[in-house]
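Student: Take this structure, written in C-alpha cells, and hold onto it; I'll ask about it next.
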C-alpha cells in the first residue's frame, strides 16, 4: 500500500486485518464543538427567515416556497458532492461543466424521443461519473493540484460540450415523459426535492454510522494517521471525486427535466454556490469534518437569500458579491477552533 505524498517512507506498514485498521473516529456527540459548528447554519436560517418576514413577507408565502424549493434541491445535490471532495482535502471546479455536459447528452442521445430517454439518462450518468473518476485519478493517484486539475478538466469538458451542442437544434428539448417527471410532485413537493432528501439521508447515515464513512472522515482529517491505521488513503480520496461526479450528473439530469430546454448556460450558477453551501454548512477546508444535513441547510439558506434579494429588486451582480462574501465568511468560520471557543465561553461563565 502506497502512503500519501506527505508521509515518511519509513512508516511501519500495518496489516489491514489488524484492530488498528478497523478503528474509526468516534461519532459526533450532541453539544460538542463540532455539533455547534454544524448548528450555526440553522441559527443563520432562523435569522434569515425573521429578516424576510420583516422586509419581504411575500418571500415566505407557500407559493413562493414551492417555486424555489426545486432550485434548492439542485443546489443541495451539487453541494453534497462538493462537500465530499472538501472533506477529502480537495476542491472541485468542474461542477458547471459536468452539469452542462449531462444536460447536453440528454438532449443529444434522446433527440426528444421517449424511447431513448432511459438510454440518454444512463449515458449522462456514465460520463458524469467517468469525469469524476478522471479527477480522482489525477488528484488522488498522481497527486496533482486539485484546483488546477478540476479547472483544466472543466475547460476540456466545456469545449467538447460546445462542439457536440452545435450539432443539435437550438430548440432541442428533453423527452415529454422526462419533462412530466420534472414537474411531478409527491405530497406537494417536486420530485427533485425527494431525490435530494433521499441522498441527504443515505449519505448522512453512511458517513456517520458506517465504518466506511468514519474511515473516509479519518482520511480527510489526517491522511498519515489513517495510513498508519491500515486505511487505503488513495482509494477514499479517489472515491470522493467519483461519487461527486455521479451526484453532479444526477443534478444535471433533474435540472434538465425541470427546465425542459437546457442551454449551454445551465451549469453556470453552480460554480460558487456549491462551494458556499458546503463551507457555510461547516465543512472544513482542511478536510475530515463535514455534515451532509448542515450542507443541505446551507443550500436552503442560500436559495432563500437569493430569492429575498430578487424580490428586493437587486441585480445579479449584487447576488454574486454576497455569495462571494458568504464563501469568505464560511472559510473563516471553518478555521475557528470551536474547542478553544467553548472552553473560553465556559471559563467566562465561571467568572
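Here, each number is a calculation from the coordinates, and none is a lab measurement. Everything numeric in this text was worked out from a predicted model, so none of it was measured. A quick note on method: Cβ atoms are made from the backbone with ideal geometry, for glycine too, and the neighbour counts reach across all protein chains shown.
Residues are listed down the side, and each one gets a yes or a no for (1) in contact with a helix residue (DSSP H, G or I) (Cβ under 6 Å, 6 or more places away or on another chain); (2) buried (at least 23 other Cβ atoms within 10 Å of the Cβ):
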{"position": "71", "(1), (2)": "yes, no"}
{"position": "77", "(1), (2)": "yes, yes"}
{"position": "82", "(1), (2)": "yes, yes"}
{"position": "113", "(1), (2)": "no, no"}
{"position": "123", "(1), (2)": "yes, no"}
{"position": "156", "(1), (2)": "no, no"}
{"position": "160", "(1), (2)": "no, no"}
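Student: Something else now. Of everything in segment 54-70, what is part of a helix (DSSP H, G or I) and in contact (Cβ under 8 Å) with a residue 60 or more places away in the chain? Give them in sequence order.
Tutor: Passing the criteria: 55, 58, 59, 64, 66, 68, 69, 70.
Student: Consider segment 123-171. How many of its residues are without any contact (Cβ under 8 Å) to a residue 60 or more places away in the chain, farther than 19 Å from residue 81 by Cα and in a helix (DSSP H, G or I)?
Tutor: So the answer is 6.
Student: Since residue 136 meets every condition but one in (1) more than 14 Å from residue 234 (Cα to Cα); (2) crowded, with 21+ Cβ neighbours inside 10 Å, which condition does it not meet?
Tutor: (1)
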